[in-house]
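Peer 1: Quick one: the structure is below, questions incoming.
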Amino acid sequence: MSEQTGETPWWHGAVLYQVYVRSWRDTDGDGYGDLRGVIEGLDHLSWLGVDGVWLSPTMPSPDDDWGYDVSDYRGVHPELGSLDDLDELVEAAGRRAMRVLLDLVPNHTSSRHEWFIEARGSRDALHRDFYVWADPAPGGGPPNNWLDHTGEAAWTFDEATGQYYLHNFLPSQPDLNWWNPEVHAALREVLDFWLDRGVAGFRIDVAHGLYKDARLRDDPPAVEGDRRGRYGLLPVYSSHRPDVHGVYRDWRALVGRRAPPALLLGETWVLELAELATFYGRGDELQLAFNFPFVFAEFTATALRSVVGETFARLADTACPIWMASNHDISRFATRWCQGDDARTRLAMTVLTTLPGTVVLYYGDEIGMTDVDVPAELQRDAMSRQGRSDRFSRDRARTPMQWEPDANGGFAPAGVQPWLPVGDSAARSVAAQRRDPHSLLALTQHLLRLRRLELGGAIAAYSELPAGRDQWVYRSGRLVVAANLSDHQAQVAGVARCVVLSSDPERDVTEGAGDVLDLGAWEAVVTCDVDPLLHASGSGAGTLPSGTEGSISPRTPVGKEN
């Protein structure tokens with residue numbers, strides 16, 4: 001079946017949810033989350049209003065980079081479960097009208113993958129050209145000046161064969177050679193393997209970096225003010241090569257033959273929106289490409305409306321933007337943008353979930369989880385510990401999900417030591433917030449319900465409306481959102497409509513906006529000509545959707561509705 005069916009793709013207007021599996025739920029008492037834990041948590045995601053679940057790496061790995069060093073593309077890590085568990089998860093999610101995306105790592109493998117073990121045996125090895133090898137420089141040492149993501153040389157010398165191999169990350173993560181057609185064929189087989197098992201698509205790791213300059217030219221010095229600079233160099237030859245687009249055109253044709261078409265979501269770590277737009281091609285490459293300029297924008301009205309407006313200006317009308325604010329590699333938005341302040345976090349959630357396109361929530365965003373200060377002796381991320389000493393510790397944003405207000409946050413059985421420390425879960429836990437109709441969790445569920453009613457199944461039109469310097473007012477489909485990103489009260493005009501939602505739990509949303517809308521400090525208000533929630537549920541706009549009250553247990557049996 002062709003992708004050109006005229007049907008609206010399921011991810012348009014959808015909500016994806018990233019589950020960092022090791023930190024979601026531990027069902028076997030080893031201190032690590034697992035696939036059975038993901039299955040147990042599906043009712044929470046269904047209740048929340050999630051359409052698709054993106055799983056952090058589930059494939060076998062020695063865990064030097066916690067799954068982003070794959071040793072077998074066609075299996076499941078034994079600590080996380082089995083292929084049967086993954087099949088059951090896909091089926092259980094489907095029963096709840098949710099799809100499952102896998103994390104695919106095509107830029108590199110583990111040094112313990114059978115391809116690399118065989119490749120380093122000799123220069124004539126069968127899989128030698130699956131990886132990037134080069135002779136030492138004429139005077140000795142690495143072939144060029146490329147640096148990996150820790151700031152160290154991106155080349156490791158292999159004594160046995162007298163050549164260097166390339167790694168853009170840890171030395172135990174050798175880069176694949178995408179100039180080799182056999183690598184293309186091998187990865188196409190991997191895609192087909194998982195799609196045949198019912199997976200709905202892939203989040204593609206390092207989507208911008210697969211190809212490297214075939215001549216291995218030195219990266220030039222970074223230019224002052226160029227945000228692409230890294231450790232004093234511009235990675236224009238070691239990454240970001242235009243040849244990568246051919247891979248995604250090939251993969252798009254492959255997934256487009258599925259019914260329904262599978263989703264390709266790229267980790268496009270680029271900082272210019274013009275370059276981001278190229279990953280959509282002419283509607284024949286990635287269907288979604290992560291918008292890091294939005295992620296790293298300052299949390300001000302000026303910065304956010306600028307990047308959102310330029311995004312829509314750069315993308316074709318048929319291209320679907322995707323918005324996220326947190327993930328496993330960066331600080332959580334409740335910390336990075338909001339400094340742990342509840343009002344700012346509620347405003348950020350309101351804005352994030354009312355933008356047209358696709359939205360991704362990182363596990364714990366819905367309860368306002370913040371970064372956790374992990375002591376050096378408990379840190380597990382090798383990338384953070386190597387190279388520059390000022391690197392952000394990614395462990396801070398990977399700590400266990402806070403289900404219950406107990407010592408383990410309901411993540412693991414009592415007495416089990418979680419793999420990373422649990423933060424302060426008493427006030428932020430799912431259980432505590434399920435009992436509070438004014439909690440961030442309740443607001444998030446309300447927002448996602450509104451999103452599904454008004455923005456689901458389409459790429460809604462976006463337009464910016466007049467506002468003061470510290471206010472951001474925009475139209476998203478039929479909704480108008482007015483956000484005051486300041487410490488002071490403000491007024492906005494031209495939104496004389498029904499107030500549907502407010503990020504401020506003290507606002508009486510039964511009152512109309514009037515000619516002028518008063519906004520509190522760090523408040524966002526959603527208005528509409530009619531109240532979609534009232535029309536859909538028969539309850540007032542200030543009434544919480546049915547089923548919000550009550551606790552959710554971290555050990556809820558599969559299939560039991562909450």
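Peer 1: Does the range 120-129 contain any residue that is closer than 24 Å to D63 by Cα, crowded, with 16+ Cβ neighbours inside 10 Å and among the basic types (K, R)?
Peer 2: Initially, the range 120-129 is screened for residues closer than 24 Å to D63 by Cα, giving 120-121, 127-128.
Still in the running and crowded, with 16+ Cβ neighbours inside 10 Å: 120, 127-128.
Cutting the leftovers down to among the basic types (K, R) gives us 120, 128.
Yes.
Peer 1: Which one of these is part of a loop (DSSP other than H, G, I, E, B) and either modelled with pLDDT of 85 or more or surrounded by 23 or more Cβ atoms within 10 Å (Cβ to Cβ) (or both): D508, D487? Spell out how you get there, then give the answer.
Peer 2: Numbers: D508 fails: either modelled with pLDDT of 85 or more or surrounded by 23 or more Cβ atoms within 10 Å (Cβ to Cβ) (or both).
After ruling out the rest, the residue left standing is D487.
Peer 1: Would the range 51-60 turn up any residue that is on the phi > 0 side of the Ramachandran plot and out of contact with any Gly (no Cβ under 9 Å at 6 or more places or on another chain)? Spell out the reasoning first.
Peer 2: First, the residues of the range 51-60 that are on the phi > 0 side of the Ramachandran plot: none.
The answer is no; no qualifying residue exists.
Peer 1: Determine which member of the set D69, D51 is touching a Pro at 6+ places or on another chain (Cβ under 9 Å) and not hydroxyl-bearing (S, T, Y).
Peer 2: Working: D51 fails: touching a Pro at 6+ places or on another chain (Cβ under 9 Å).
Answer to the check: D69.
Peer 1: Sort out which residues of the range 90-106 are in a helix (DSSP H, G or I) and surrounded by fewer than 22 Cβ atoms within 10 Å (Cβ to Cβ), and write them in order of number. Spell out the reasoning first.
Peer 2: Initially, the range 90-106 is screened for residues in a helix (DSSP H, G or I), giving 90-95.
V90, E91, A92, G94, R95 - these are the residues of the range 90-106 that are in a helix (DSSP H, G or I) and surrounded by fewer than 22 Cβ atoms within 10 Å (Cβ to Cβ).
Peer 1: So, of the residues in the range 243-290 that are out of contact with any helix residue (DSSP H, G or I) (no Cβ under 8 Å at 6 or more places or on another chain) and part of a strand (DSSP E or B), which turns out to be nearest to P106 (Cα to Cα)? Before you say what the answer is, go through the steps one by one.
Peer 2: First pass over the range 243-290, keeping only residues out of contact with any helix residue (DSSP H, G or I) (no Cβ under 8 Å at 6 or more places or on another chain): 243-244, 246, 248-249, 252-253, 256-257, 259-260, 265, 267, 275, 280, 282-283, 288, 290.
Imposing the further condition that a residue be part of a strand (DSSP E or B) reduces the set to 265, 288.
Numbers: L265: 13, L288: 17 Å.
Per the criteria, the residue is L265.
Peer 1: Would you mind finding the one in D69, D63, D84 that is of a type in the set (D, E, K, R) and on the phi > 0 side of the Ramachandran plot? Break it down into steps so the answer makes sense when it comes.
Peer 2: Values: D69 fails: on the phi > 0 side of the Ramachandran plot; D84 fails: on the phi > 0 side of the Ramachandran plot.
From the options D69, D63, D84, the qualifying one is D63.
Peer 1: In the range 385-400, is there at least one residue being hydrophobic (A, V, I, L, M, F, W, C), in a helix (DSSP H, G or I) and at pLDDT 95 or above?
Peer 2: As a first pass, look at the range 385-400 and keep what is hydrophobic (A, V, I, L, M, F, W, C): 392, 397.
Next, from what is left, pick out any that are in a helix (DSSP H, G or I): 397.
Imposing the further condition that a residue be at pLDDT 95 or above reduces the set to 397.
Yes: one or more hits.
Peer 1: Could you list, in sequence order, all residues of the range 19-32 that are outside any helix (DSSP H, G or I) and crowded, with 23+ Cβ neighbours inside 10 Å? Even if it seems obvious, please write down each step before you answer.
Peer 2: Going through the range 19-32, the residues outside any helix (DSSP H, G or I) turn out to be 19-20, 24-32.
If the condition is that a residue be outside any helix (DSSP H, G or I) and crowded, with 23+ Cβ neighbours inside 10 Å, then V19, Y20, W24, R25, D26, Y32 are the ones that fit.
Peer 1: Return the pair list, or none, for Cβ contacts closer than 9 Å from residues in the range 261-272 that are β-branched (V, I, T) to residues that are assigned to a strand (DSSP E or B), at least 6 apart or on different chains.
Peer 2: Between residues of the range 261-272 that are β-branched (V, I, T) and residues that are assigned to a strand (DSSP E or B), the close pairs are T268/I204; T268/A289; V270/A289.
Peer 1: Select from the range 170-183 the residues that are more than 21 Å from A382 (Cβ to Cβ) and crowded, with 18+ Cβ neighbours inside 10 Å and list them in ascending order.
Peer 2: Keep residues of the range 170-183 that are more than 21 Å from A382 (Cβ to Cβ), which gives 177-183.
Within the range 170-183, N177, W178, V183 meet the criteria.
Peer 1: In addition: Collect the residues in the range 138-166 that are under 19 Å from G232 (Cβ atoms) and not in a strand (DSSP E or B), keeping them in residue-number order.
Peer 2: If the condition is that a residue be under 19 Å from G232 (Cβ atoms) and not in a strand (DSSP E or B), then G141, P142, P143, N144, N145, W146, D148, H149, T150, G151, E152, A154 are the ones that fit.
Peer 1: On to the next question. If I filter the range 422-438 down to residues being touching a Ser or Thr at 6+ places or on another chain (Cβ under 9 Å) and in a loop (DSSP other than H, G, I, E, B), which single residue comes out as surrounded by the most Cβ atoms within 10 Å (Cβ to Cβ)?
Peer 2: Of all residues in the range 422-438, those touching a Ser or Thr at 6+ places or on another chain (Cβ under 9 Å) come to 422-424, 428, 430-435, 437.
Within this subset, residues satisfying the condition of being in a loop (DSSP other than H, G, I, E, B) are 422-424, 428, 435, 437.
Numbers: V422: 19, G423: 19, D424: 13, R428: 22, R435: 16, P437: 16.
By that ranking, first place goes to R428.
Peer 1: Then there's this: Could you tell me whether any residue of the range 296-315 is assigned by TED's automatic domain parsing to the domain that holds D395 and in contact with a Gly (Cβ under 7 Å, 6 or more places away or on another chain)? Spell out how you get there, then give the answer.
Peer 2: Initial filter on the range 296-315 (assigned by TED's automatic domain parsing to the domain that holds D395): 296-315.
Still in the running and in contact with a Gly (Cβ under 7 Å, 6 or more places away or on another chain): none.
Among the residues of the range 296-315, not one is assigned by TED's automatic domain parsing to the domain that holds D395 and in contact with a Gly (Cβ under 7 Å, 6 or more places away or on another chain), which makes the answer no.
Peer 1: Given the structure, is D72 more than 19 Å from the chain's Cα centre (by Cα), charged (D, E, K, R) and assigned to a loop (DSSP other than H, G, I, E, B)?
Peer 2: Numbers: more than 19 Å from the chain's Cα centre (by Cα): yes; charged (D, E, K, R): yes; assigned to a loop (DSSP other than H, G, I, E, B): yes.
Spelling it out, D72 is indeed more than 19 Å from the chain's Cα centre (by Cα), charged (D, E, K, R) and assigned to a loop (DSSP other than H, G, I, E, B).
Peer 1: (1) in the same structural domain as A301 (by TED's automatic domain parsing); (2) surrounded by fewer than 17 Cβ atoms within 10 Å (Cβ to Cβ): which one isn't true of P400, the others all being true?
Peer 2: Of the numbered conditions (1) in the same structural domain as A301 (by TED's automatic domain parsing); (2) surrounded by fewer than 17 Cβ atoms within 10 Å (Cβ to Cβ), the odd one out for P400 is (2).
Peer 1: Take S331 and tell me if it is assigned to a helix (DSSP H, G or I), surrounded by fewer than 24 Cβ atoms within 10 Å (Cβ to Cβ) and within 20 Å of the chain's Cα centre (by Cα).
Peer 2: no
Listed here are the residues, each with its yes/no results for (1) surrounded by fewer than 18 Cβ atoms within 10 Å (Cβ to Cβ); (2) polar (S, T, N, Q).
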site: A153; (1), (2): no, no
site: Y164; (1), (2): no, no
site: N168; (1), (2): no, yes
site: R188; (1), (2): yes, no
site: L191; (1), (2): no, no
site: A200; (1), (2): no, no
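Peer 1: Evaluate the range 449-465: report whether one residue or more is assigned to a loop (DSSP other than H, G, I, E, B) and closer than 18 Å to V499 by Cα. First the steps, then the outcome.
Peer 2: Quick first cut of the range 449-465, residues assigned to a loop (DSSP other than H, G, I, E, B) only: 455-461.
Retained after the next criterion (residues that are closer than 18 Å to V499 by Cα): 455.
Within the range 449-465 (the criterion being assigned to a loop (DSSP other than H, G, I, E, B) and closer than 18 Å to V499 by Cα), the answer is yes, since at least one residue qualifies.
Peer 1: Say whether the condition of being crowded, with 22+ Cβ neighbours inside 10 Å, assigned by TED's automatic domain parsing to the domain that holds S61 and part of a loop (DSSP other than H, G, I, E, B) is met by at least one residue in the range 214-226.
Peer 2: Going through the range 214-226, the residues crowded, with 22+ Cβ neighbours inside 10 Å turn out to be 219.
Keeping just the survivors that are assigned by TED's automatic domain parsing to the domain that holds S61 gives 219.
In the following step, the residues that additionally are part of a loop (DSSP other than H, G, I, E, B) were identified as 219.
The answer is yes, given that some residue of the range 214-226 is crowded, with 22+ Cβ neighbours inside 10 Å, assigned by TED's automatic domain parsing to the domain that holds S61 and part of a loop (DSSP other than H, G, I, E, B).
Peer 1: Would you say G67 is in the same structural domain as L420 (by TED's automatic domain parsing), in a helix (DSSP H, G or I), small (G, A, S) and crowded, with 23+ Cβ neighbours inside 10 Å?
Peer 2: no
Peer 1: Being assigned to a loop (DSSP other than H, G, I, E, B) and either of a type outside the set (D, E) or in contact (Cβ under 8 Å) with a residue 24 or more places away in the chain (or both) is the filter; apply it to the range 291-316 and report the residue that is farthest from A207 (Cα to Cα). Spell out how you get there, then give the answer.
Peer 2: Initial filter on the range 291-316 (assigned to a loop (DSSP other than H, G, I, E, B)): 291, 296-300, 315-316.
Subsequent filtering for residues that are either of a type outside the set (D, E) or in contact (Cβ under 8 Å) with a residue 24 or more places away in the chain (or both) retains 291, 296-297, 299-300, 315-316.
Numbers: N291: 12, F296: 18, A297: 21, F299: 26, T300: 29, L315: 18, A316: 20 Å.
Filtering first and then ranking leaves T300.
Peer 1: Which pairs have Cβ atoms under 6 Å, sit 6 or more apart or on different chains, and link a residue in the range 339-363 that is free of Cβ contacts under 8 Å to residues at least 60 places away in the same chain to one that is among the polar types (S, T, N, Q)?
Peer 2: G340/T370
Peer 1: I would also like to ask the following. Among the residues of the range 114-137, what is the count of those that are farther than 28 Å from L233 by Cα and part of a loop (DSSP other than H, G, I, E, B)? Even if it seems obvious, please write down each step before you answer.
Peer 2: Going residue by residue through the range 114-137, those that are farther than 28 Å from L233 by Cα are 114-128.
Among the residues that remain, those that are also part of a loop (DSSP other than H, G, I, E, B) are: 120-127.
Adding up the residues that qualify gives 8.
Peer 1: Would you check if A461 is surrounded by fewer than 17 Cβ atoms within 10 Å (Cβ to Cβ), closer than 30 Å to A319 by Cβ, at pLDDT 95 or above and aliphatic (A, V, I, L, M)? Talk me through it step by step, then tell me what you get.
Peer 2: Values: surrounded by fewer than 17 Cβ atoms within 10 Å (Cβ to Cβ): yes; closer than 30 Å to A319 by Cβ: yes; at pLDDT 95 or above: yes; aliphatic (A, V, I, L, M): yes.
When the stated conditions are applied, A461 passes them.
Peer 1: Another question, if that's okay. Here are some residues: G256, G232, G283. Which one is within 30 Å of R197 (Cβ to Cβ) and surrounded by fewer than 17 Cβ atoms within 10 Å (Cβ to Cβ)? Walk me through how you get there before you give the answer.
Peer 2: On the way: G256 fails: surrounded by fewer than 17 Cβ atoms within 10 Å (Cβ to Cβ); G232 fails: within 30 Å of R197 (Cβ to Cβ).
One residue alone meets the criteria, G283.
The values are calculated or read from the model by the stated rules, or taken from the named source; none is laboratory data. On a predicted model such as this, the values are computed, not experimentally measured, just so you know. Every residue, glycine as well, gets a Cβ built from its backbone with ideal geometry; the counts of neighbours run over all protein chains shown.
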